[in-house]
1. Among the residues of the stretch B:308-323, are any within 14 Å of chain A (Cβ to nearest Cβ), buried (at least 20 other Cβ atoms within 10 Å of the Cβ) and among the basic types (Lys, Arg)?
2. Please go through (1) in contact with a Phe, Trp or Tyr (Cβ under 7 Å, 6 or more places away or on another chain); (2) modelled with pLDDT under 95 for A:ILE179 and return the number of the only condition it doesn't satisfy.
3. If I ask for residues that are touching a Gly at 6+ places or on another chain (Cβ under 9 Å) and aliphatic (A, V, I, L, M), which ones from the stretch A:85-125 would you list?
4. Determine whether the stretch B:78-90 contains at least one residue that is touching a Lys or Arg at 6+ places or on another chain (Cβ under 6 Å), under 24 Å from B:GLN337 (Cβ atoms) and polar (S, T, N, Q).
5. Looking only at the stretch B:109-134, count how many residues are surrounded by fewer than 22 Cβ atoms within 10 Å (Cβ to Cβ) and either without any contact (Cβ under 8 Å) to a residue 40 or more places away in the chain or farther than 22 Å from B:ASN220 by Cα (or both).
6. Test of understanding: among A:LEU21, A:LEU37, which residue is on the phi < 0 side of the Ramachandran plot and touching a Leu at 6+ places or on another chain (Cβ under 7 Å)?
7. Does the stretch B:90-120 hold any residues that are at pLDDT below 85 and either over 17 Å from B:THR335 (Cβ atoms) or out of contact with any Phe, Trp or Tyr (no Cβ under 8 Å at 6 or more places or on another chain) (or both), and which are they?
8. Take residues that are over 30 Å from A:SER181 (Cβ atoms) and touching a helix residue (DSSP H, G or I) at 6+ places or on another chain (Cβ under 9 Å) and tell me which of the helices (runs of 4 or more DSSP H) falling wholly in the stretch B:1-103 contain 3 or more.
Amino acid sequence: MAKNDNDVLVLGGKSFTNRLLTGTGKFSSRSLISPMLEASGSQMITVALRRVDMGSKDENILTFIPDTVTLLPNTSGARTAKEAIRIARIARESGCGNFIKIEVITDMQYLLPDNQETLKATEVLAKEGFVVLPYMMPDITFARQLHDAGAAAVMPLGSPIGTNLGLEMKSMIKRIIEISSLPVVVDAGIGRPSQAAQAMEMGADAVLVNTAIATSADPVRAGKAFGMAVAAGRMAYLADMADEQDFAEASSPLTGFLRS
Amino acid sequence: MSFMDQVIAWEEFDFKDFFEKVTTRDVQRSLHRDILAFRDLLHLLSPCAQDFLEPMAQKARLLTRQYFGRTIGLYAPLYISDYCVNQCTYCGFNAHTRFARTKLTLDQIDQEAEAIAKTGIRHILVLTGEAPARTPMSYLTDAVRILKKYFSSIGLEIFPMDEADYRILVAAGADSLTVYQEVYDRKIYKQVHPGGKKADYAYRLLTPERGAQAGFRAVNIGALFGLGNPMAEAFMAGLHARYLEQTYPDVEVSLSLPRMTKAEGATAFCHSFPDISFVQCMLAWRLFMPRLGITISTRESAAFRDRLVHLGATRYSAGSRTDVGGYARNLEDSTVQFAVTDARSVDQITRMIRKSGFQPVFKDWESVI
Amino acid sequence: MKIRLNGRTIECRSSRLTGLVREMGLAPSSVVAEVNLEVVTQEKWESTWIKDGDEIELLSFVGGG
């Protein structure tokens, strides 16, 4: 029952010693990605696939990511399961490995995930051998369905994408961690290292942070801060810290009769 | 992974040694946790936790109110047959005990049902011994159909069956299943169940799961306290309940704490399970599983049951007769499975529950179709 | 010939995929090509002939979270 000293997160047969997942979106300069990865220790990073801008001479973003880091292509832009499946297949065919973050968004106002379409895409892609990490609304029943559909992990959102609101969905995520036999990666809305640490203390298996790092004045420092926060939160979880005590001890009105 | 794998995995575990080493700090930490792990349940079942019964009780009361409100569900048991081929060494119905066995006719079941329904009870628990030849499927489905006229919920506490048979009973109108493992310790299980179908530990252990798969909306499990080391048994029962809750999230899971009583004692039981342990076990379960149903039968005394209302119990039997035909006929020489110690009427128990600040609930469920 | 490129109908002068990528002014290393829903890896671009009515997608990996 002792917690494992050799603490690794295993996903799709790969072992990760670092539990901060990062993203490549919104950086002011793509040359910051590599030093950010190094400073944060992050071993997995998301990329997206888009139609090219004709005439663009931009270099491939993949050249900014060291080979040692696992690519997690996402299906952003997909509005249906079908589109997500197509993007996933293209990503794999073009040599990005078999990890895929499913992100199907039909709500363009708040950018919240469409659980129904996400489930359909998960079923298909898991059967095709993808390591499927679906981005989801925190919903316990849905987490079970994703498990049955063959997902490799579940990625509930902490709060809407880019809001930096932190763990607004805390109590739901807590329940998902309680019931889920799959790793739980808290994705979206994590705006500060303290929020990332809180997610890890709660027992999340990993945290994905993009906007907060990329849009800070110093993404390399911010990456480092998140890396440390995630490690600290994880360590606190493993150390099995006592919970906050929320009621005082009373005299014995309920059990006194047992002693008389 | 079935629950059998978990039972086997925990056989390596030295409960006695673990319980002895639990410290005050361990108990305090587990007590204040929001979500409790297996280890926390062990801490709360340890001797050390007996010094924390009051804070455990306070938290258990809060949690129970939070999830169940101030309510106590009521039900009555209905024994329809005491024929039994099993040789459970601790049971008054055991095949070697000589007494005049009875099985109610369908008309008699109707009379019993009518007598019980008059008291206001709407949830019924049907019990039989294990004698499939005497109480075949056709008899059981007929019984369920008759009871359907009087009751909104029909529970079964009958011999373990295959999933297909359970499906037939669910289709007939039964909606909940009670089956006690009796004892989770496999060695003791073997000793006290020397023969018959009941000697098959795994078949019995997986019965609640077959029930859940067959479509029962509620499953009630438990250990017969007195047969094995009580706190190890309480732990395994808690583990079993959590396994069912997590594997079958659409099923309501409840636990019972039947204590061995003298009426049954064909053989002496080896472990005492005093009130204080009973309460500790109930509280530990409540903290471990806030949404767990906890059923208290009339094996417990009136005075004790009055206290348990505040300690996490959610369901009481009331006005119980544990002999076949006891409600309508009041046979003088009938044989009881266990002695009822809380002999109060449904009315009296209802009044007690109200006086304690709770609402007695006669009907909290009915199938819509 | 006319093809559909990234959802738009265009007049294509190149006969092979390599030429099309060049014609569009793109750095080949950053482009992922899909022809009629089939991914065509870069080593096959030279041998991939473009036909009238082909549906071609030229994609690239970009930043995303």
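1. Looking for residues that are within 14 Å of chain A (Cβ to nearest Cβ), buried (at least 20 other Cβ atoms within 10 Å of the Cβ) and among the basic types (Lys, Arg), one finds none in the stretch B:308-323, hence no.
2. So the condition that A:ILE179 fails would be (1).
3. Matches in the stretch A:85-125: A:ILE87, A:ALA91, A:ILE105, A:LEU111, A:LEU125.
4. Yes, some residue in the stretch B:78-90 is touching a Lys or Arg at 6+ places or on another chain (Cβ under 6 Å), under 24 Å from B:GLN337 (Cβ atoms) and polar (S, T, N, Q).
5. Residues flagged as surrounded by fewer than 22 Cβ atoms within 10 Å (Cβ to Cβ) and either without any contact (Cβ under 8 Å) to a residue 40 or more places away in the chain or farther than 22 Å from B:ASN220 by Cα (or both) within the stretch B:109-134 amount to 11.
6. Criteria check complete, one pass: A:LEU21.
7. B:CYS91, B:PHE93, B:ASN94, B:ALA95, B:HIS96, B:THR97, B:ARG98, B:PHE99, B:ALA100
8. Filter on the stretch B:1-103 gives B:53-68.
The values are calculated or read from the model by the stated rules, or taken from the named source; none is laboratory data. All values derive from a computational prediction rather than experimental measurement. A quick note on method: Cβ atoms are made from the backbone with ideal geometry, for glycine too, and the neighbour counts reach across all protein chains shown.
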